[in-house]
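Chemist: Questions regarding the structure given below will be posed in turn.
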């Protein structure tokens, strides 16, 4: 079953990466607007990405988290070359090195988090406070992104998308982990919050993609999402964090590697789906004929 889960996770990771690359290509062309819903390739990317996410969930039911998580993190290594292919170019060396650094650093961090089997419990007051904090972070990043340009703008928008995506994961964990076979527990406002937050995450993600820096946008979400989820689990659900020196020091090193890879991706030039128009040649003025004297 472990090998089956590994194979399913790999296909799911490839699908998620391809879906993200397709949607980013369209977002750069049309901007993060309602025009995207008229682009068949954007819808295809969304379906492929959603299928990849579903396959990831199936993989978790077939194999342990420590087996599936590395494949999930590797989506960054798949997505960046796929995005480069969409623009008809080879991936830059900095893209490859930055993607690998972020993936390895993030995977290292995730493996340092202690395993737990605690049933998630979240009160209404704590949940409302959590949503409020997420809303403040999104508001701050949106205001800051309005004044930023280039990779900084893409990263700020990705941070907003990442925290909202993490809130989706947190509520899914609470609803799914707290069911314990009782389907009646699905009748709760937590369940309704999931699709609302998911739509918000998709909108914010498309805005980040539209800036044109796919590597930094995708890496930003991949980093912020799991880190925010882990912090939410520790603060709200009582899940453990790496605190001993044997895990805290490697966690700092892994974070440094992740930050270094993110900075590398942020230094790249943006991609554009439409080539710049060729300069228009001015018609030459006829030279008046000279009359022989």
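The values are calculated or read from the model by the stated rules, or taken from the named source; none is laboratory data. Note that the structure is predicted; figures quoted are calculated from it, not measured. Cβ placement follows ideal geometry from the backbone for every residue including glycine, while neighbour counts extend to all protein chains displayed.
Chemist: Determine which member of the set 99, 167 is within 19 Å of residue 232 (Cβ to Cβ) and at pLDDT below 90.
Modeler: None of the other options fit; the residue is 167.
Chemist: Within the group 144, 132, which residue is at pLDDT 90 or above, surrounded by 15 or more Cβ atoms within 10 Å (Cβ to Cβ) and within 18 Å of residue 204 (Cβ to Cβ)?
Modeler: 144
Chemist: Answer yes or no: is there a residue in the range 56-66 that is crowded, with 18+ Cβ neighbours inside 10 Å and either on the phi > 0 side of the Ramachandran plot or at pLDDT 70 or above (or both).
Modeler: Yes.
Chemist: Test of understanding: among 230, 203, 199, which residue is closer than 29 Å to residue 151 by Cα, modelled with pLDDT under 80 and part of a helix (DSSP H, G or I)?
Modeler: 230
Chemist: Does any residue of the range 120-128 turn out to be crowded, with 17+ Cβ neighbours inside 10 Å and modelled with pLDDT of 85 or more?
Modeler: Yes - at least one qualifying residue is present in the range 120-128.
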